[in-house]
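Accompanying notes for the structure given below.
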Amino acid sequence: MTALLEIKELSVRFGATAALRSISFNFAAGAQLVIVGESGSGKSTLGLSILGLLPRTAEVIGKVRFRGAELPVEDDRAMNRIRGDSIGFIHQDPMSAFSPVHTIGTHLFRAFRANHPGSTRREAEAAAIRLLDEVQISRARERLDHYPHQYSGGMLQRVMIAAALIGNPALLIADEPTTALDATTQASVLRVLANSVSDRGMSLMLITHDLGVVAEVATDVAVMYGGRLIQYLPIADLPAAAHPYTQALLKARPSFGRRGHRLPTIADLLPAGWDADA
């Protein structure tokens, strides 16, 4: 498959802290990549750096290429033409992603018209209803007039998926899309996400700390620890993964068979010298 996204020697620092350390990999068109690792491993920083969404305090070194062209991550205006249209992004927290004083319809209309300049309100409304139907929001036309507080967390997460799909991007980056949702709602959101990606022929980069979601959507898995890419492998190879850290992550998953037993843990919180220049 053709490389859709190429990341070469990408490093990010916040002052003395190295958040990413020389990350390099090629992401094929049509692939569904899950990036896993503990909190603080650099997963979200990687996703945000691809779209130039890091704060100004971040020092970024390295290259990100999309469809063969280097992304102008330091040019916010140029990146705005790429965000949503070519690369969609789903943020972590659906409860804080929407303005409480605007209806869901207003959020979706603005997103549509930003990605489709010159479109009419009627076209934006038709697209919003179609997308809410796609992500399984019932009574879509009626719910356009509702405010975010009238939606559950799972419903808001699905609205965020709808908003990210408005530009019909080639790549969708989802940053912890099931955080703070119960297990049943997580499964529903992941099913909606997987179906939308499959139906549209999109590529997916799913960021999560939960290895339980990997098998649901992934063709490939990237394992991160302490800002480093530890392994990048096909999902079929994950059970036999050779790296000790990947094996430790797999062993730390809860299971019914371990009821009454203490879960295995990984002893060190961060690798030695994490804040150092090495």
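From the set of residues in region 73-126 that are among the hydroxyl-bearing types (Ser, Thr, Tyr) and surrounded by 13 or more Cβ atoms within 10 Å (Cβ to Cβ), which is nearest to Leu172 (Cα to Cα)?
Here the residue is Ser86.
Out of (1) open to solvent by 10 Å² or more (accessible area, probe 1.4 Å); (2) in contact (Cβ under 8 Å) with a residue 24 or more places away in the chain; (3) under 16 Å from Ala97 (Cβ atoms), the odd one out for Gly154 is which?
(1)
Just for region 119-142: of the residues that are assigned to a helix (DSSP H, G or I) and in contact with a Phe, Trp or Tyr (Cβ under 8 Å, 6 or more places away or on another chain), which one is nearest to Ala187 (Cα to Cα)?
Taking the candidates together, the pick is Ala128.
How many residues does region 26-52 contain that are touching a residue at least 60 places away in the same chain (Cβ under 8 Å) and at positive phi?
4
Among the residues of region 147-171, how many are farther than 17 Å from Leu51 by Cβ, not in a loop (DSSP other than H, G, I, E, B) and not basic (Lys, Arg)?
Of all residues in region 147-171, those farther than 17 Å from Leu51 by Cβ come to 147-159, 162.
If we keep only those that are not in a loop (DSSP other than H, G, I, E, B) as well, we get 148-150, 153-159, 162.
Then drop every residue that is not not basic (Lys, Arg), which leaves 148-150, 153-157, 159, 162.
The total comes to 10.
Which residue pairs have Cβ atoms under 8 Å apart, sit 6 or more places apart or on different chains, and have a first residue in region 53-70 that is under 18 Å from Lys8 (Cα atoms) and a second that is outside any strand (DSSP E or B) and open to solvent by 50 Å² or more (accessible area, probe 1.4 Å)?
Pairs found: Val60/Glu74.
Name every residue in region 130-151 that is under 25 Å from Ser203 (Cα atoms) and open to solvent by 40 Å² or more (accessible area, probe 1.4 Å), in order of residue number.
Arg130, Asp133, Glu134, Gln136, listed by residue number.
Spot the failing condition for Pro177; the list is (1) open to solvent by 10 Å² or more (accessible area, probe 1.4 Å); (2) at pLDDT 80 or above; (3) assigned to a loop (DSSP other than H, G, I, E, B), and only one is missed.
Single failed check for Pro177: (1).
Going through region 201-219 one residue at a time, which ones are out of contact with any Ser or Thr (no Cβ under 8 Å at 6 or more places or on another chain) and at pLDDT 90 or above?
Selection gives Ser203, Leu204, Met205, Leu206.
All but one of (1) modelled with pLDDT of 90 or more; (2) open to solvent by 40 Å² or more (accessible area, probe 1.4 Å); (3) within 24 Å of Pro169 (Cα to Cα); (4) touching a Ser or Thr at 6+ places or on another chain (Cβ under 6 Å) hold for Leu4, so report the exception by its number.
(2)
Among the listed residues Ser22, Ser11, Ser49, which satisfies the condition of being out of contact with any Phe, Trp or Tyr (no Cβ under 7 Å at 6 or more places or on another chain), crowded, with 21+ Cβ neighbours inside 10 Å and closer than 23 Å to Ala222 by Cα?
Going through Ser22, Ser11, Ser49 in turn, just one is out of contact with any Phe, Trp or Tyr (no Cβ under 7 Å at 6 or more places or on another chain), crowded, with 21+ Cβ neighbours inside 10 Å and closer than 23 Å to Ala222 by Cα: Ser49.
Yes or no, residue by residue, for (1) at pLDDT 90 or above; (2) hydroxyl-bearing (Ser, Thr, Tyr); (3) under 21 Å from Ile235 (Cα atoms):
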{"site": "Asn26", "(1), (2), (3)": "yes, no, yes"}
{"site": "Leu46", "(1), (2), (3)": "yes, no, yes"}
{"site": "Pro55", "(1), (2), (3)": "yes, no, no"}
{"site": "Glu59", "(1), (2), (3)": "yes, no, no"}
{"site": "Gly62", "(1), (2), (3)": "yes, no, no"}
{"site": "Arg67", "(1), (2), (3)": "yes, no, no"}
{"site": "Glu70", "(1), (2), (3)": "yes, no, no"}
{"site": "Gly84", "(1), (2), (3)": "no, no, no"}
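The values are calculated or read from the model by the stated rules, or taken from the named source; none is laboratory data. Just so you know, these numbers come straight off a predicted model, no measurement behind them. Positions of Cβ are generated from backbone atoms using ideal geometry, with glycine treated the same way; all protein chains shown enter the neighbour counts. These area figures cover heavy atoms from the full protein model, side chains too; ligands, DNA and RNA do not enter into them. Shrake-Rupley method; radii C 1.70, N 1.55, O 1.52, S 1.80 Å.
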